[in-house]
Amino acid sequence: MSKTLSPPKNILITGASSGIGEALARDYAAPGVFLALSGRNTDRLEDVAKACRAFGAEVEAKPVDAAERDQSARWIADVDARQPLDLIIANAGTSSGSGGRGETEDQARDILSVNMAGVLNTVWPVIGPMRERGSGQIAIVSSIAAFRGLPGAPAYAASKAAVKNYGEGLRGCLAGNGIRVSVVCPGFVRTRMTEKNIYPMPFIMDADKAAHIIRRGLERNKARIAFPWPMYLAAWLLGALPPGLTDGLFKKLPKKD
């Protein structure tokens with residue numbers, strides 16, 4: 001049985017202005033907890049900050065673009081210097097939507113920039129300080145889409161596969177430094193990103209439930225927090241099969257709208 005970790009007190013979450021990031025911020029908000037929250041939508045981010053303060057947490061909200069390396073590094077380093085971070089959640093991400101025609105080149109480049117570079121820009125400013133302290137936890141939010149390339153969203157699936165593999169490798173790389181790393185692979189979650197999808201989303205769940213599952217997995221230091229299990233099992237099996245056997249199936253799936 002895995003040991004349950006002590007609750008983190010100083011937490012930084014990117015992409016906290018909506019969706020899973022917002023739900024995690026609300027879930028962790030409590031007296032004695034410091035939350036550093038970032039997002040690209042200033043108004044929504046401030047609404048989340050106000051809600052978390054109402055739960056008794058100390059909150060610092062900053063409109064930061066995770067894809068901007070220098071901006072992210074300055075903010076995260078400043079926060080960690082004042083409130084040494086116990087947990088950092090690299091959650092910021094984006095998807096595409098082009099009227100059911102898949103991803104354009106500009107969308108693909110933006111998705112890869114935010115979803116991949118955003119993770120690097122979030123975790124590297126804290127790796128050094130956490131190494132010096134000999135403790136810390138990093139959560140990298142990937143997706144069930146990471147297990148197989150999706151014709152309707154190739155850049156999104158590729159970016160999530162990249163951060164999944166990176167996080168899993170980073171876990172072993174940093175274990176000797178006392179830093180725990182977990183990769184989060186959610187299925188469909190009700191967020192502003194998924195509400196635009198016009199196709200069926202099996203086993204879709206509310207963001208609050210997803211946040212609870214993620215938090216519980218982090219407390220147990222799980223290497224991979226993938227849910228819901230039927231979607232995880234299906235994605236794992238489809239990814240394990242030769243592409244030639246599954247291409248026909250994936251070509252029939254609708255593209256993101």
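The values are calculated or read from the model by the stated rules, or taken from the named source; none is laboratory data. What you see is a predicted model, and the numbers here were worked out from it, not measured in a lab. Here the Cβ is made from the backbone with ideal geometry for all residues, glycine too, and neighbour counts use every protein chain on show.
Odds and ends about this structure:
- Pair list, Cβ < 8 Å and 6+ apart or interchain, from the range 224-248 residues that are over 18 Å from Ala158 (Cβ atoms) and among the basic types (Lys, Arg) to residues that are in a helix (DSSP H, G or I) and modelled with pLDDT of 80 or more: Arg224/Glu168
Residue-by-condition table, conditions (1) crowded, with 23+ Cβ neighbours inside 10 Å; (2) among the acidic types (Asp, Glu):
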{"site": "Phe34", "(1), (2)": "no, no"}
{"site": "Ser38", "(1), (2)": "yes, no"}
{"site": "Thr42", "(1), (2)": "no, no"}
{"site": "Glu46", "(1), (2)": "no, yes"}
{"site": "Phe55", "(1), (2)": "no, no"}
{"site": "Ala67", "(1), (2)": "no, no"}
{"site": "Gln71", "(1), (2)": "no, no"}
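- So Ile198, is it modelled with pLDDT under 85 and among the β-branched types (Val, Ile, Thr): yes
- Number of the exception - Ser6 against (1) in contact (Cβ under 8 Å) with a residue 24 or more places away in the chain; (2) under 21 Å from Pro84 (Cβ atoms); (3) part of a loop (DSSP other than H, G, I, E, B): (1)
- Residue check, Lys50 in a strand (DSSP E or B) and either among the basic types (Lys, Arg) or without any contact (Cβ under 8 Å) to a residue 12 or more places away in the chain (or both): no
- Of all the listed residues (Ser113, Ser142), the sole one being at pLDDT below 95 and of a type outside the set (Lys, Arg) is Ser113.
- Within the range 168-188, being within 20 Å of Trp229 (Cβ to Cβ) and either assigned to a helix (DSSP H, G or I) or out of contact with any strand residue (DSSP E or B) (no Cβ under 7 Å at 6 or more places or on another chain) (or both) holds for Glu168, Phe188.
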